[in-house]
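J.: Got a structure here, written out as structure tokens. Questions coming.
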Amino acid sequence: MSWRSEHIWIELIVGSRKISNFCWAFILFLGSLGFVLVGSSSYFGKNWISLVPSQQILFFPQGIVMSFYGIAGLFISSYLWCTISWNVGSGYDRFDIKEGIVCIFRWGFPGKNRRIFLRFRMKDIQSIRIEVKEGIYARRVLYMEIKGQGDVPLTRTDENLTPREIEQKAAELAYFLRVPIEVF
């Protein structure tokens, strides 16, 4: 999602609050909860899940292993729910021609550096760079090359833009900033 005028371009960045993250966190939570219940029911000898009779699963070693995997899954699920609630990775890119400033803001994990705020002068922008790696794990990333400071990624590595979409986005941004495009 973006907003543009003659002098300002603001690109909103979606963080970890994506439908896929909600689905993975929910599925992982339910699956790991099932493992913990089956492992616990084998220890106590009660049927807490009707699909698996507790007499078929011995506590040692199957019940312990299932409980371990269930607890590990609950930790991973908790991590996913925390990143979703903190909205890690969200923010905005703001390009202001009138002031000659580029601001990049992202939310990080809680702590001292929760707010990630980068500020550059427009005259320090050398180019917009497209990095394309095709194959099994295709990767298409858009970078802004800053004089003396390296490359700043403008798209997420998991955004999965088509070649046409990333070329169009790069062309529009390069035209707006009046800088060249490089392809790697």
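J.: For region 1-92, what % of the accessible area comes from carbon and sulfur atoms, probe 1.4 Å?
T.: Summing carbon and sulfur atoms, their accessible area is 73 percent of the total for region 1-92.
J.: Using a 1.4 angstrom probe and counting only protein chains, how large is the accessible area of residue 124 in Å², to 10?
T.: The accessible area comes out at roughly 30 Å².
J.: Something else: Compute the projected area of the convex hull of the Cα atoms of region 1-51, averaged over all viewing directions, and report it in nm² to one decimal place.
T.: 4.5 nm²
J.: Considering only lysines 8 or more places apart in sequence, or on different chains, count the pairs in the chain whose C-alpha atoms sit under 30 Å apart.
T.: Going through the chain pair by pair, I get 13.
J.: Below 8 Å between Cα atoms, with a sequence gap of 6+, how large is the relative contact order for the chain in percent? If you can, show how the numbers build up before the last one.
T.: Numbers: 306 pairs, mean separation 31.7, N = 184.
After rounding, I find 17 percent.
J.: Looking at the chain as a GNM with Cα springs under 10 Å, which of 123, 133, 147 has the largest mean-square fluctuation?
T.: Result for the chain, Cα springs under 10 Å: 133 fluctuates most.
J.: Given charges of +1 on the Cβ of Lys and Arg and -1 on the Cβ of Asp and Glu, with all other atoms neutral, how large is the dipole of the chain about its Cα centre, in debye to the nearest 20?
T.: Using Cβ point charges on Lys, Arg, Asp and Glu, the chain gives about 460 debye.
J.: Follow-up question, since we're still on this one. If you average the sequence gap of Cα pairs under 8 Å that are 6 or more apart and divide by the length of region 20-86, what percent do you get for the contact order?
T.: The normalised contact order for region 20-86 reaches 44 percent.
J.: Can you list the chymotrypsin sites (Phe, Trp or Tyr not before Pro) in region 119-167 that are in a DSSP coil and have 10 or fewer other beta carbons within 10 angstrom?
T.: Values: sites: 120, 137, 143; in loops: 137.
In loop regions of region 119-167 (DSSP not H, G, I, E or B), the sparsely surrounded chymotrypsin sites (Phe, Trp or Tyr not before Pro) are 137.
J.: Have a look at 71, 104, 136 and tell me which one the Gaussian network model of the chain (Cα, springs below 10 Å) gives the largest fluctuation.
T.: Between 71, 104, 136, it is 136 that shows the largest mean-square fluctuation.
J.: Next question. Is region 82-157 rounded, prolate or oblate when judged by the Cα gyration tensor, a ≥ b ≥ c being the square roots of its eigenvalues, rounded requiring a/c under 1.5 and prolate requiring a/b larger than b/c?
T.: Oblate shape, in that a/c is at least 1.5 and b/c is the bigger or equal ratio.
J.: Express the accessible area of the chain per residue in Å², computed with a 1.4 Å probe while the remaining protein chains stay in the model.
T.: 65 Å²
J.: Mind checking Rg over Rh on the chain, alpha carbons, Kirkwood formula for Rh?
T.: Reported Rg/Rh, Kirkwood definition of Rh: 1.19.
J.: Looking at region 20-86 from every direction and averaging, what is the projected area of its Cα convex hull in nm²?
T.: Across all orientations, region 20-86 yields a mean hull projection of 4.4 nm².
The values are calculated or read from the model by the stated rules, or taken from the named source; none is laboratory data. Computed from a predicted structure; not experimentally measured. Backbone-built Cβ (ideal geometry, glycine too); neighbour counts: all protein chains shown. To get the accessible areas, we keep the full protein, side chains included, count just its heavy atoms, and leave off ligands, DNA and RNA. Shrake-Rupley method; radii C 1.70, N 1.55, O 1.52, S 1.80 Å.
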